[in-house]
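Student: Before I ask anything, let me first share the structure, which is written out below as structure tokens.
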Amino acid sequence: MRTKKIIHNLFLIIGLMIFVVSISNAQQNKKSMQSNKKGMQENLQGKNDWHKVVRVSPKASITETIGLTDVTVSYSRPGVKGRKIWGGLVPYDKVWRAGANEATKITFGSDVWIEGKKLPAGSYGFFVIPREKDWTVIFNKVADQWGAFEYNESEDAMRVNIKPQSRNFQEWLSYTFSDLKVNAHGKNSGILNLNWEKVRLPITIETDVK
């Protein structure tokens, strides 16, 4: 009888252990399912929030070699989107970042001449002051700025006045190079164009290859 009682107790203990293990596994499976569900929700949320990380005004850059000098413009591209640009979104007679988000930055690999005026090699914050008849083009010594909020005129390396030209409508702001001229024995030149809406602002850049 004693042996039967011992066996009976063993079966009870084994049964209890199996029950405990089953409960533990069920709890772990529930936690795993909850974790997977949370991960799926986070992934879906990330997909739904794509517009929060994609720039409304995309970043862009363009590089051209004029003579032996690399010229690079880094900027963000705002769109017209049916708005009045000149004298509206971009006021006249005020410093503008010449793009969106960060101030536009221009880098010259060696000394250059802008509209006949010498500018040392380096990186500059690029700003303009639009007007109805002519614009002021500014090269500022502080290359990395957010917009024109901390722009300081005392840091200007150069200012030149240039007349804007009319062009066909362009939705997104862009910078392009044109009219490249090569002279192996003197100055090489090209025109950097700011293009947006129905305006083209041509900026003549010369480099020395002597």
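The values are calculated or read from the model by the stated rules, or taken from the named source; none is laboratory data. For clarity, every value in this text was computed on a predicted model and none was experimentally measured. Virtual Cβ from ideal backbone geometry, glycine too; neighbours counted across all protein chains shown.
Student: Any idea which of Thr107, Thr69 is hydroxyl-bearing (Ser, Thr, Tyr), touching a residue at least 60 places away in the same chain (Cβ under 8 Å), out of contact with any Pro (no Cβ under 9 Å at 6 or more places or on another chain) and under 25 Å from Asp179 (Cα atoms)?
Tutor: Thr69
Student: If the requirement is being surrounded by fewer than 19 Cβ atoms within 10 Å (Cβ to Cβ) and assigned by TED's automatic domain parsing to the domain that holds Asn152, which of these qualifies: Ser74, Ser110?
Tutor: Within the list Ser74, Ser110, the selection yields Ser110.
The rows are residues; the columns are (1) assigned to a strand (DSSP E or B); (2) in contact with a Gly (Cβ under 9 Å, 6 or more places away or on another chain).
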position	(1), (2)
Val128	yes, no
Arg131	no, no
Ala148	no, yes
Ala157	yes, yes
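Student: Give me a count of the residues in the range 154-203 that are β-branched (Val, Ile, Thr) and more than 18 Å from Lys133 (Cα to Cα).
Tutor: Of the residues in the range 154-203, 3 are β-branched (Val, Ile, Thr) and more than 18 Å from Lys133 (Cα to Cα).
Student: Continuing with this model, one more query. If you go through the range 183-190 one residue at a time, do you hit one that is touching a residue at least 60 places away in the same chain (Cβ under 8 Å), in the same structural domain as Leu119 (by TED's automatic domain parsing) and closer than 18 Å to Ile106 by Cα?
Tutor: Looking through the range 183-190, at least one residue is touching a residue at least 60 places away in the same chain (Cβ under 8 Å), in the same structural domain as Leu119 (by TED's automatic domain parsing) and closer than 18 Å to Ile106 by Cα.
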